[in-house]
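I have placed the structure first, in the form of structure tokens, so that the comments after it can refer back to it.
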Amino acid sequence: MQFVDRLLKCSDCGQDFVFTAGEQIFFYDKQFKNDPKRCKLCKAKRAGVGRAAAGSGTPVLPFSRTETRTTCSACGIETTVPFKPTQGRPVLCRSCFQMKQASPDAVPVGSASLPRVEEAASAALDAARPAAIEMIAQTPGVLVKEGEPAPDRVAGAAKAP
């Protein structure tokens, strides 16, 4: 199927706008059945993100997102973040965030006293290993070569023939 740029008329402002071939391919891939009815400015204005340019009264698309002022959980400096922080979650300034990204093994802020899951599991396995080896050594016929059938055992005792 071949797509070419088409001119459409906006249902809100009445201006002509271009429905590009790339947009048509996107609509086709998403299986949208209808062509767009509004130009990008009217669509943005309808969504509530259009702003009036300084004194001109014509809506323009926003170039920046809103920022929230907060303090960094790691270093305590005041910073701005491009999202609204959730209660109970640490918020990092740009430099602390980049340091955390550079060293992924670093312990998260506020959890320095909690042991890492991998370290705890490894310690538990190391502690259980000698007892498991002793138990295997005391139980004859437990280890079977690959491909051989396992011996018939019921609770560690051999079945009578």
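Tabulated data for the structure shown
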{"read-out": "Unsatisfied cross-links (Cα-Cα over 27 Å) in the set LYS30/LYS100; LYS45/LYS84; LYS43/LYS84", "value": "LYS30/LYS100"}
{"read-out": "Summed side-chain charge close to ARG6 - residues other than ARG6 whose Cβ falls under 13 Å, Lys, Arg +1, Asp, Glu -1", "value": "-3"}
{"read-out": "Added length on full extension, which subtracts the Cα-Cα distance from 0.36 nm per residue, PHE26 to VAL4", "value": "6.6 nm"}
{"read-out": "R0 of 22 Å, Cβ-Cβ distance LYS33-CYS13: FRET efficiency to nearest 0.05", "value": "0.40"}
{"read-out": "Sequence-distant residues sharing a close amide H with VAL91 (under 5 Å, placed H)", "value": "SER73"}
{"read-out": "Cβ-derived FRET efficiency at R0 41 Å, SER103 paired with ALA131, nearest 0.05", "value": "0.65"}
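Every number here is computed from the coordinates shown, using simple stated rules; none is lab data. A quick note: this is a predicted structure, and the numbers were derived from the prediction, not measured. We place every Cβ from the backbone using ideal geometry, glycine too, and count neighbours over all the protein chains shown.
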